[in-house]
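Everything below concerns the one structure shown next.
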Amino acid sequence: MPTFELVAVSRFLAGLPHGAYFGIGALVASDVLGPGKRAQGVAFVLTGLTLANVVGVPVGTGLGQQFGWRVAFMIVAAIFALAAILIAFFVPAHAGDPGRTLRAELGVFRIPQVWLTLAVGAIGFGGFFAAYSYIASIVTEVAGSPAWAVPIVLVVMGVGMTVGNLLGGRLADRDLRRTLLWGLALLALVQVLLALTSGWIVGLVVFVFAVGVVSSVLSPSIQTRLMEVAGDNQSIAAALNHSALNIGNATGAALGGAVIAAGLGFVAPVWVGAALAAAGLVIAVWSFRADARQKAAPALALS
């Protein structure tokens with residue numbers, strides 16, 4: 001990878017299977033756990049992503065610093081190969097639906113609730129990425145802590161994300177609507193508190209952990225909601241969730257960078273994150289109200 005352009009292309013190619021892999025993994029896990037535990041199945045798969053923030057990122061960084069970035073990438077490739085072997089041996093076979101076609105799957109885009117749920121993920125969860133992308137600068141420039149504190153704060157957030165993910169699966173199975181709405185409201189609130197306390201390293205660590213917990217409570221809720229409203233289009237709907245979250249990643253980070261570039265300071269992205277979470281809450285309320293009206297219409301017609 002001698003040039004930036006080749007790095008960018010390889011990054012794009014590596015990202016292609018991401019949504020499909022985690023989307024199908026979520027479907028398989030929810031099917032294995034059975035009725036009433038769909039969100040817990042989704043959360044179980046997504047826990048791998050959150051654990052990566054606790055273990056994978058610091059270990060990969062350390063390997064890259066000690067032996068060079070190529071060695072780190074080779075080890076990652078070996079882990080992928082091992083994962084493929086373990087899946088082949090231990091994941092139960094699923095026949096799928098041979099009658100499904102790509103054209104039929106694309107019918108998911110004709111469902112308004114799918115678009116609203118994708119918007120919740122891209123905008124509401126984008127609020128998390130607005131803050132997360134600039135945590136390092138907040139730690140050093142706002143809290144005045146040394147650079148070695150940055151990975152510690154990121155690990156704290158990763159632990160919070162892991163806890164929130166497992167908690168979110170259970171809460172979503174109990175009451176998906178309430179978990180999603182309260183999760184978005186709390187994400188906006190804890191980011192406001194993070195912005196207000198970011199100059200104090202203790203407050204920063206506490207609310208970084210809180211942001212990690214609350215944001216990851218949302219992950220299985222959004223995925224399960226999308227699978228719920230997609231009807232027969234489960235495969236593409238499960239993959240689309242990660243597309244929405246990646247759009248949120250890009251949008252949140254870009255907006256956070258824009259307010260910093262405008263001279264509003266390194267805390268400004270956290271305020272942007274709170275605003276995006278609030279906007280996601282508005283969309284979620286709209287989605288659930290529209291769903292309720294649609295379900296009530298046939299009953300009114302019969303009466």
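The values are calculated or read from the model by the stated rules, or taken from the named source; none is laboratory data. Bear in mind that the values here come from a model prediction, so they are computed numbers and not experimental data. For neighbour counting, all protein chains shown are included, and Cβ atoms are generated from backbone atoms with ideal geometry for every residue, glycine included. All accessible areas refer to the heavy atoms of the entire protein, side chains included, with ligands and DNA or RNA removed. Shrake-Rupley method; radii C 1.70, N 1.55, O 1.52, S 1.80 Å.
When G252, G280 are screened for being within 13 Å of the chain's Cα centre (by Cα), in a helix (DSSP H, G or I) and more than 22 Å from V45 (Cα to Cα), only G252 passes.
Which count do you get for residues in segment 173-197 that are open to solvent by less than 50 Å² (accessible area, probe 1.4 Å) and modelled with pLDDT under 90? Qualifying residue count for the region: 2.
Only residues that are at pLDDT 85 or above and hydroxyl-bearing (S, T, Y) were counted in segment 1-24, giving 2. For segment 189-238, a tally of residues being small (G, A, S), assigned to a helix (DSSP H, G or I) and either touching a strand residue (DSSP E or B) at 6+ places or on another chain (Cβ under 9 Å) or closer than 14 Å to V267 by Cβ (or both) returns 2.
Each row is one residue, and each column tells you yes or no for (1) polar (S, T, N, Q); (2) within 19 Å of the chain's Cα centre (by Cα); (3) closer than 30 Å to I201 by Cα.
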site	(1), (2), (3)
W69	no, no, no
I75	no, no, no
F80	no, no, no
A88	no, no, no
L167	no, yes, yes
R170	no, yes, no
L184	no, yes, yes
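Of S215, S219, all but one fail to be at pLDDT below 85 and of a type in the set (S, T, N, Q); the exception is S219. Restricting attention to segment 91-122, and to residues there that are of a type outside the set (D, E, K, R), open to solvent by 60 Å² or more (accessible area, probe 1.4 Å) and not in a loop (DSSP other than H, G, I, E, B), which single residue is modelled with the highest pLDDT? Restricting to residues being of a type outside the set (D, E, K, R), open to solvent by 60 Å² or more (accessible area, probe 1.4 Å) and not in a loop (DSSP other than H, G, I, E, B), the top hit is W115. Of the residues making up segment 213-226, those that are open to solvent by 10 Å² or more (accessible area, probe 1.4 Å) and within 25 Å of V153 (Cβ to Cβ) number 4. Looking at segment 158-184, which of its residues are farther than 16 Å from A131 by Cα and aliphatic (A, V, I, L, M)? Matches in segment 158-184: V159, V163, L166, L167, L171, A172, L176, L180, L181. Please indicate, with yes or no, whether at least one residue in segment 124-139 is of a type in the set (S, T, N, Q) and farther than 21 Å from L196 by Cα. Looking through segment 124-139, none of the residues is of a type in the set (S, T, N, Q) and farther than 21 Å from L196 by Cα. The numbered conditions (1) β-branched (V, I, T); (2) under 30 Å from V156 (Cα atoms); (3) surrounded by 16 or more Cβ atoms within 10 Å (Cβ to Cβ) are all true for V229 except (2). Is it true that I283 is of a type in the set (V, I, T), within 24 Å of A52 (Cα to Cα) and surrounded by fewer than 22 Cβ atoms within 10 Å (Cβ to Cβ)? Against the criterion (of a type in the set (V, I, T), within 24 Å of A52 (Cα to Cα) and surrounded by fewer than 22 Cβ atoms within 10 Å (Cβ to Cβ)), I283 does not qualify. All of A52, A104, A43, A39 fail the test of being within 23 Å of L218 (Cβ to Cβ) and touching an Asp or Glu at 6+ places or on another chain (Cβ under 8 Å), apart from A39.
Just checking, does segment 273-285 include any residue being in contact (Cβ under 8 Å) with a residue 24 or more places away in the chain, closer than 27 Å to F12 by Cα and not charged (D, E, K, R)? Among the residues of segment 273-285, at least one is in contact (Cβ under 8 Å) with a residue 24 or more places away in the chain, closer than 27 Å to F12 by Cα and not charged (D, E, K, R), which makes the answer yes.
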